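**Q** Handing you a structure now.
The values are calculated or read from the model by the stated rules, or taken from the named source; none is laboratory data. Predicted model, so just to flag it, every value in this text is computed and none were measured. Every residue, glycine among them, receives a Cβ derived from its backbone with ideal geometry; neighbour counts consider all protein chains shown. We work out accessible area using only protein heavy atoms, side chains counted, and drop any ligands, DNA or RNA first. Shrake-Rupley method; radii C 1.70, N 1.55, O 1.52, S 1.80 Å.
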Amino acid sequence: MLDVLHRSGNVHASNGANAFVRQCIDTLRRQAPSHLVETRMDSAFFNETIIDSLASLGVEFSVSVPFECLTELKAMIEGRKRWRCYNSESSYFETDWKPKSSGRCYRFVFIRQGVAEQRKKPVQLDLFEPQAYSYEVKVIVTNKIVNVKKVLAFHNGRGSQENIFRRT
């Protein structure tokens, strides 16, 4: 963590973030010019300006994508027939995609995890009723060139770090 930019509760997290992130990267590059710079961000920071800026600065990144508001990505998820096995609970697919307002194509990784659906019926002991599952889907945009397991491990490390800072 390089710096913190406090905001009032009524301001979107990405307002002014691009300039702040660029300033942090410039500071880091002056202090350690030969080091790899990486960042992982949550969906509040997903916008083409920030993504394009990180890519042009040579920063390796992963950013959560609020795909619910991007109809093209929702259609890709809903229309997908073949997902690759990630582990016993999860599967994934990836594609290169260019948002309409962006000049660049980026790597989008789609991960779905099976979750048991909550039953709204009265509680009964019925051992023969099948368990119904649905999926939670997460989408990440990245420029990292490692395999999906490493991208996801890198991206999920953000939550581990936040828990450390939360405790202190």
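**Q** How many residues are closer than 12 Å to Val139 by Cβ, in contact with a Ser or Thr (Cβ under 8 Å, 6 or more places away or on another chain) and aliphatic (A, V, I, L, M) if we restrict to segment 55-105?
**A** The qualifying residues number 3.
**Q** Arg84: closer than 20 Å to Lys150 by Cβ and modelled with pLDDT of 75 or more, yes or no?
**A** Yes.
**Q** Can Ser53 be described as part of a loop (DSSP other than H, G, I, E, B), more than 13 Å from the chain's Cα centre (by Cα) and of a type outside the set (D, E, K, R)? Before you say what the answer is, go through the steps one by one.
**A** Details: part of a loop (DSSP other than H, G, I, E, B): no; more than 13 Å from the chain's Cα centre (by Cα): yes; of a type outside the set (D, E, K, R): yes.
No; evaluated as a whole, the condition is false for this residue.
**Q** Right, here's the next one. Which one is most open to solvent (accessible area, probe 1.4 Å), of the residues in segment 50-72 that are in contact (Cβ under 8 Å) with a residue 24 or more places away in the chain and more than 19 Å from Arg40 (Cβ to Cβ)?
**A** The qualifying residue most open to solvent (accessible area, probe 1.4 Å) is Glu72.
**Q** Identify all residues within segment 73-90 that are part of a loop (DSSP other than H, G, I, E, B) and open to solvent by less than 50 Å² (accessible area, probe 1.4 Å); write none if there are none. Break it down into steps so the answer makes sense when it comes.
**A** Going through segment 73-90, the residues part of a loop (DSSP other than H, G, I, E, B) turn out to be 80-83, 86-89.
Scanning segment 73-90 gives Trp83, Tyr86.
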